[in-house]
Amino acid sequence: GGEGPLAGLRVLVSAGGTREPLDPVRFLGNRSSGRQGVAVAAAARDAGAEVVLAAAHLEVAPPAGVELVHAGSAEQLRRACVRAAARADVVVMAAAVADYRPARVAETKMKKTEDGSAPVLELVRNPDILRELVDLRNTARRRQLVVGFAAETGEAGTTPVEFGRQKLARKGCDLLAVNQVGEDLVFGQDTTALTVLSARGGDEQVLEGTKDEVARGLVDRIARELAAVPAG
Ligand code: C5P
(Lines give C-alpha, C1' and ligand atoms only; values in the text may rest on other atoms or scores of the structure.)
Protein backbone atom coordinates (compact mmCIF):
# COMPACT_ATOMS: atom_id res chain seq x y z
CA GLY A 1 0.00 0.00 0.00
CA GLY A 2 1.01 3.61 -0.51
CA GLU A 3 -0.55 6.95 -1.32
CA GLY A 4 -3.33 7.51 -3.80
CA PRO A 5 -7.06 7.15 -4.26
CA LEU A 6 -6.99 3.47 -3.22
CA ALA A 7 -4.55 3.86 -0.31
CA GLY A 8 -5.28 1.44 2.51
CA LEU A 9 -7.52 -0.74 0.36
CA ARG A 10 -7.08 -4.35 -0.70
CA VAL A 11 -7.81 -5.14 -4.33
CA LEU A 12 -8.12 -8.60 -5.84
CA VAL A 13 -7.63 -8.77 -9.60
CA SER A 14 -7.93 -11.96 -11.63
CA ALA A 15 -6.26 -12.07 -15.02
CA GLY A 16 -5.38 -14.34 -17.90
CA GLY A 17 -7.02 -17.34 -19.48
CA THR A 18 -7.78 -20.53 -17.62
CA ARG A 19 -6.48 -23.82 -18.97
CA GLU A 20 -8.75 -26.79 -18.43
CA PRO A 21 -6.72 -30.01 -18.43
CA LEU A 22 -7.57 -32.96 -20.66
CA ASP A 23 -4.56 -35.05 -19.71
CA PRO A 24 -1.07 -34.32 -18.33
CA VAL A 25 -0.01 -32.49 -21.50
CA ARG A 26 -3.19 -31.05 -23.05
CA PHE A 27 -5.73 -28.46 -22.11
CA LEU A 28 -8.61 -26.38 -23.47
CA GLY A 29 -7.66 -22.72 -23.41
CA ASN A 30 -8.58 -19.34 -24.82
CA ARG A 31 -7.01 -16.28 -26.44
CA SER A 32 -6.73 -14.11 -23.35
CA SER A 33 -3.22 -12.65 -22.91
CA GLY A 34 -3.88 -11.31 -19.44
CA ARG A 35 -2.71 -7.85 -20.52
CA GLN A 36 -5.82 -5.99 -19.41
CA GLY A 37 -6.00 -7.61 -15.98
CA VAL A 38 -2.27 -7.17 -15.41
CA ALA A 39 -2.66 -3.49 -16.34
CA VAL A 40 -5.53 -3.14 -13.84
CA ALA A 41 -3.41 -4.76 -11.11
CA ALA A 42 -0.54 -2.34 -11.85
CA ALA A 43 -2.90 0.66 -11.92
CA ALA A 44 -4.46 -0.36 -8.58
CA ARG A 45 -0.97 -0.74 -7.10
CA ASP A 46 -0.05 2.73 -8.40
CA ALA A 47 -3.25 4.07 -6.82
CA GLY A 48 -1.94 2.92 -3.45
CA ALA A 49 -3.79 -0.37 -3.04
CA GLU A 50 -2.45 -3.64 -1.70
CA VAL A 51 -3.02 -5.91 -4.69
CA VAL A 52 -3.47 -9.66 -5.01
CA LEU A 53 -3.23 -10.86 -8.60
CA ALA A 54 -4.89 -14.25 -9.14
CA ALA A 55 -3.21 -15.22 -12.38
CA ALA A 56 -4.38 -17.85 -14.80
CA HIS A 57 -2.25 -18.23 -17.95
CA LEU A 58 -0.52 -14.91 -18.75
CA GLU A 59 1.39 -13.99 -21.90
CA VAL A 60 2.84 -10.93 -20.19
CA ALA A 61 4.99 -10.61 -17.08
CA PRO A 62 3.06 -9.99 -13.88
CA PRO A 63 3.67 -6.54 -12.38
CA ALA A 64 6.10 -6.02 -9.52
CA GLY A 65 4.76 -5.04 -6.16
CA VAL A 66 1.67 -7.23 -6.16
CA GLU A 67 1.03 -10.54 -4.43
CA LEU A 68 0.88 -13.20 -7.12
CA VAL A 69 -1.26 -16.32 -6.77
CA HIS A 70 -0.98 -18.82 -9.61
CA ALA A 71 -4.13 -20.55 -10.81
CA GLY A 72 -4.25 -22.76 -13.86
CA SER A 73 -7.79 -24.03 -14.16
CA ALA A 74 -11.12 -22.37 -13.38
CA GLU A 75 -11.41 -24.49 -10.25
CA GLN A 76 -7.99 -23.39 -9.02
CA LEU A 77 -8.85 -19.78 -9.86
CA ARG A 78 -12.13 -20.11 -7.98
CA ARG A 79 -10.34 -21.25 -4.84
CA ALA A 80 -7.72 -18.50 -5.08
CA CYS A 81 -10.40 -15.84 -5.62
CA VAL A 82 -12.73 -17.02 -2.85
CA ARG A 83 -9.83 -16.97 -0.41
CA ALA A 84 -8.49 -13.54 -1.39
CA ALA A 85 -11.95 -11.97 -1.77
CA ALA A 86 -12.68 -12.58 1.91
CA ARG A 87 -10.37 -9.68 2.74
CA ALA A 88 -10.76 -7.54 -0.37
CA ASP A 89 -12.39 -4.11 -0.63
CA VAL A 90 -12.49 -4.36 -4.41
CA VAL A 91 -12.65 -7.39 -6.70
CA VAL A 92 -11.96 -7.10 -10.42
CA MET A 93 -12.62 -10.29 -12.39
CA ALA A 94 -10.67 -9.72 -15.59
CA ALA A 95 -9.76 -13.38 -16.12
CA ALA A 96 -11.14 -15.24 -19.10
CA VAL A 97 -12.64 -18.22 -17.30
CA ALA A 98 -13.57 -21.26 -19.37
CA ASP A 99 -17.29 -21.88 -19.20
CA TYR A 100 -16.73 -25.63 -19.58
CA ARG A 101 -14.04 -28.13 -18.69
CA PRO A 102 -13.46 -31.71 -19.76
CA ALA A 103 -15.63 -34.02 -17.65
CA ARG A 104 -12.69 -36.31 -17.03
CA VAL A 105 -8.97 -35.65 -16.86
CA ALA A 106 -6.93 -38.61 -18.12
CA GLU A 107 -4.14 -39.62 -15.76
CA THR A 108 -1.84 -40.50 -18.63
CA LYS A 109 -1.45 -38.92 -22.05
CA MET A 110 -4.40 -39.77 -24.29
CA LYS A 111 -3.38 -42.03 -27.18
CA LYS A 112 -4.55 -42.00 -30.78
CA THR A 113 -7.19 -44.64 -31.38
CA GLU A 114 -6.19 -47.79 -33.28
CA ASP A 115 -9.27 -47.80 -35.49
CA GLY A 116 -8.93 -44.23 -36.77
CA SER A 117 -12.03 -42.95 -34.95
CA ALA A 118 -11.88 -39.56 -33.25
CA PRO A 119 -12.57 -39.13 -29.54
CA VAL A 120 -15.58 -37.11 -28.43
CA LEU A 121 -14.92 -34.77 -25.53
CA GLU A 122 -17.54 -34.57 -22.85
CA LEU A 123 -17.61 -31.18 -21.12
CA VAL A 124 -19.15 -30.04 -17.87
CA ARG A 125 -20.01 -26.56 -16.74
CA ASN A 126 -17.51 -24.60 -14.67
CA PRO A 127 -18.66 -22.54 -11.69
CA ASP A 128 -19.29 -18.86 -12.41
CA ILE A 129 -16.69 -17.35 -10.09
CA LEU A 130 -17.95 -13.79 -10.45
CA ARG A 131 -21.48 -14.74 -9.43
CA GLU A 132 -20.17 -16.79 -6.55
CA LEU A 133 -18.07 -13.86 -5.29
CA VAL A 134 -21.12 -11.57 -5.50
CA ASP A 135 -23.19 -14.11 -3.54
CA LEU A 136 -20.49 -14.46 -0.88
CA ARG A 137 -20.18 -10.67 -0.64
CA ASN A 138 -23.95 -10.30 -0.24
CA THR A 139 -24.26 -13.10 2.32
CA ALA A 140 -21.39 -11.73 4.41
CA ARG A 141 -22.74 -8.17 3.96
CA ARG A 142 -19.19 -7.20 3.10
CA ARG A 143 -18.60 -3.69 1.85
CA GLN A 144 -16.94 -4.69 -1.37
CA LEU A 145 -17.11 -3.36 -4.90
CA VAL A 146 -17.23 -6.15 -7.46
CA VAL A 147 -16.27 -5.44 -11.06
CA GLY A 148 -16.82 -7.85 -13.93
CA PHE A 149 -15.61 -7.87 -17.50
CA ALA A 150 -17.59 -8.92 -20.51
CA ALA A 151 -16.10 -9.72 -23.88
CA GLU A 152 -18.95 -9.40 -26.34
CA THR A 153 -19.02 -9.88 -30.07
CA GLY A 154 -22.54 -8.50 -30.27
CA GLU A 155 -25.38 -10.49 -31.68
CA ALA A 156 -28.06 -9.91 -34.27
CA GLY A 157 -30.45 -7.29 -32.97
CA THR A 158 -28.46 -6.36 -29.82
CA THR A 159 -25.42 -4.16 -29.37
CA PRO A 160 -22.59 -5.32 -27.11
CA VAL A 161 -23.62 -2.65 -24.59
CA GLU A 162 -27.28 -3.78 -24.47
CA PHE A 163 -25.99 -7.28 -23.99
CA GLY A 164 -23.73 -5.95 -21.24
CA ARG A 165 -26.66 -4.37 -19.38
CA GLN A 166 -28.37 -7.75 -19.22
CA LYS A 167 -25.14 -9.39 -18.08
CA LEU A 168 -24.64 -6.77 -15.36
CA ALA A 169 -28.05 -7.59 -13.94
CA ARG A 170 -27.52 -11.33 -14.23
CA LYS A 171 -24.11 -11.29 -12.56
CA GLY A 172 -25.14 -8.92 -9.77
CA CYS A 173 -21.83 -7.06 -9.83
CA ASP A 174 -21.49 -3.30 -9.32
CA LEU A 175 -19.60 -2.41 -12.47
CA LEU A 176 -19.27 -4.24 -15.76
CA ALA A 177 -16.54 -3.33 -18.24
CA VAL A 178 -17.70 -4.34 -21.72
CA ASN A 179 -15.14 -5.08 -24.40
CA GLN A 180 -16.09 -5.64 -28.00
CA VAL A 181 -14.11 -8.61 -29.24
CA GLY A 182 -13.37 -10.47 -32.42
CA GLU A 183 -10.36 -12.33 -33.76
CA ASP A 184 -8.35 -9.17 -34.42
CA LEU A 185 -9.91 -6.97 -31.76
CA VAL A 186 -8.74 -6.66 -28.19
CA PHE A 187 -7.16 -10.04 -27.42
CA GLY A 188 -3.40 -9.68 -27.31
CA GLN A 189 -3.63 -6.11 -28.62
CA ASP A 190 -2.20 -3.09 -26.87
CA THR A 191 -5.09 -0.71 -27.44
CA THR A 192 -8.66 -1.24 -26.47
CA ALA A 193 -12.00 0.38 -25.76
CA LEU A 194 -14.12 -0.38 -22.73
CA THR A 195 -17.64 0.68 -21.92
CA VAL A 196 -18.21 0.80 -18.17
CA LEU A 197 -21.76 0.13 -16.97
CA SER A 198 -22.87 0.67 -13.37
CA ALA A 199 -25.57 -1.19 -11.46
CA ARG A 200 -26.46 2.17 -9.90
CA GLY A 201 -27.58 3.29 -13.33
CA GLY A 202 -26.44 6.52 -14.91
CA ASP A 203 -24.53 7.05 -18.10
CA GLU A 204 -22.12 4.58 -19.51
CA GLN A 205 -18.48 5.63 -19.53
CA VAL A 206 -16.28 4.89 -22.52
CA LEU A 207 -12.57 4.38 -21.87
CA GLU A 208 -10.25 4.24 -24.87
CA GLY A 209 -6.50 3.97 -25.31
CA THR A 210 -3.75 1.59 -24.43
CA LYS A 211 -4.65 -1.14 -21.97
CA ASP A 212 -2.58 0.77 -19.35
CA GLU A 213 -4.54 3.99 -19.98
CA VAL A 214 -7.84 2.15 -19.88
CA ALA A 215 -6.78 0.40 -16.67
CA ARG A 216 -5.97 3.74 -15.03
CA GLY A 217 -9.36 5.06 -16.12
CA LEU A 218 -11.09 2.02 -14.66
CA VAL A 219 -9.21 2.37 -11.36
CA ASP A 220 -10.20 6.07 -11.20
CA ARG A 221 -13.80 5.04 -11.81
CA ILE A 222 -13.57 2.41 -9.04
CA ALA A 223 -12.24 5.05 -6.62
CA ARG A 224 -15.13 7.38 -7.50
CA GLU A 225 -17.69 4.56 -7.09
CA LEU A 226 -16.28 3.77 -3.63
CA ALA A 227 -16.49 7.43 -2.67
CA ALA A 228 -20.08 7.67 -3.91
CA VAL A 229 -21.38 4.67 -1.96
CA PRO A 230 -21.63 5.48 1.74
CA ALA A 231 -20.03 3.03 4.18
CA GLY A 232 -22.50 0.84 5.97
O1 C5P B 1 -20.58 -14.75 -18.66
P2 C5P B 1 -19.27 -14.23 -19.11
O3 C5P B 1 -18.20 -15.27 -19.22
O4 C5P B 1 -19.33 -13.37 -20.34
O5 C5P B 1 -18.84 -13.23 -17.95
C6 C5P B 1 -17.60 -12.62 -17.94
C7 C5P B 1 -17.25 -12.20 -16.54
O8 C5P B 1 -17.54 -13.27 -15.64
C9 C5P B 1 -15.79 -11.89 -16.37
O10 C5P B 1 -15.66 -10.95 -15.32
C11 C5P B 1 -15.23 -13.25 -15.98
O12 C5P B 1 -14.01 -13.11 -15.26
C13 C5P B 1 -16.33 -13.81 -15.12
N14 C5P B 1 -16.50 -15.28 -15.15
C15 C5P B 1 -16.30 -16.02 -14.00
N16 C5P B 1 -16.47 -17.38 -14.00
C17 C5P B 1 -16.85 -18.01 -15.14
C18 C5P B 1 -17.08 -17.28 -16.31
C19 C5P B 1 -16.89 -15.92 -16.28
O20 C5P B 1 -15.97 -15.42 -12.97
N21 C5P B 1 -17.02 -19.33 -15.12
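Figures for the structure shown
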{"quantity": "Derived scalar couplings ³J(HN,Hα) [region 45-60; Karplus, 6.51 cos²θ - 1.76 cosθ + 1.60; whole Hz; x for Gly, Pro]", "calculated": "4, 5, 7, x, 7, 8, 10, 9, 9, 8, 10, 7, 5, 10, 9, 10"}
{"quantity": "Region 162-176 - phi-based ³J(HN,Hα) in whole Hz, Karplus 6.51/-1.76/1.60, Gly and Pro as x", "calculated": "4, 4, x, 4, 5, 5, 4, 5, 5, 7, x, 7, 8, 10, 10"}
{"quantity": "Within straight-line cross-link reach of Lys171, lysines at Cα separation under 27 Å, skipping those fewer than 8 residues along the same chain", "calculated": "Lys211"}
{"quantity": "Rounded to the nearest 10 Å², the accessible area of Lys211 at probe 1.4 Å", "calculated": "10"}
{"quantity": "Area of Val38 that stays accessible when all protein chains are in place (1.4 Å probe, Å², to 10)", "calculated": "20"}
{"quantity": "Long-range HN-HN contacts of Leu28 with modeled amide H, under 5 Å", "calculated": "Glu20, Leu22"}
{"quantity": "Long-range HN-HN contacts of Val178 with modeled amide H, under 5 Å", "calculated": "Ala150, Thr195, Val196, Leu197"}
{"quantity": "For region 49-71 versus region 100-175, the gap between their alpha-carbon centres in whole angstrom", "calculated": "21"}
{"quantity": "The chain, accessible surface, carbon-and-sulfur percent (1.4 angstrom probe)", "calculated": "48"}
{"quantity": "Amide H contacts of Val51 (H built 1.01 Å from N, under 5 Å, at least 5 apart or other chain)", "calculated": "Val11, Glu67"}
{"quantity": "³J(HN,Hα), Karplus 6.51/-1.76/1.60, whole Hz, each residue of region 108-117, x for Gly, Pro", "calculated": "10, 4, 5, 9, 5, 6, 6, 8, x, 6"}
{"quantity": "At R0 = 35 Å, FRET efficiency that the Cβ-Cβ distance of Arg31 and Val229 yields, to 0.05", "calculated": "0.55"}
{"quantity": "Long-range Cα-Cα pairs in the chain (distance over 21 Å), rounded percent", "calculated": "56"}
{"quantity": "Exposed-site-free run, longest, the chain (rule: GluC sites (Glu not before Pro); DSSP loop; at most 14 other C-beta within 10 Å)", "calculated": "123-182"}
{"quantity": "Residues of region 59-133: accessible area per residue with a 1.4 Å probe, Å²", "calculated": "65"}
{"quantity": "Taking all pairs of distinct alpha-carbon atoms in region 1-105, Kirkwood radius in angstrom", "calculated": "13.8"}
{"quantity": "By accessible area with a 1.4 Å probe, ligands and nucleic acids excluded, highest first: order of Ser33, Ser117", "calculated": "Ser117, Ser33"}
{"quantity": "For region 21-143, size of Cβ-based charge dipole, Lys and Arg +1, Asp and Glu -1, in debye", "calculated": "280"}
{"quantity": "Per-residue SASA entry for Arg137, accessible area with 1.4 Å probe, Å² rounded to 10", "calculated": "20"}
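The values are calculated or read from the model by the stated rules, or taken from the named source; none is laboratory data. Nothing here was measured: the structure is a model prediction, and the numbers come from that model. Don't worry about glycine lacking a Cβ; one is built from the backbone with ideal geometry, like all the others, and counts go over all protein chains shown. Just so you know, the surface numbers come from the protein's heavy atoms only, side chains and all, with ligands and any DNA or RNA stripped out. Shrake-Rupley method; radii C 1.70, N 1.55, O 1.52, S 1.80 Å.
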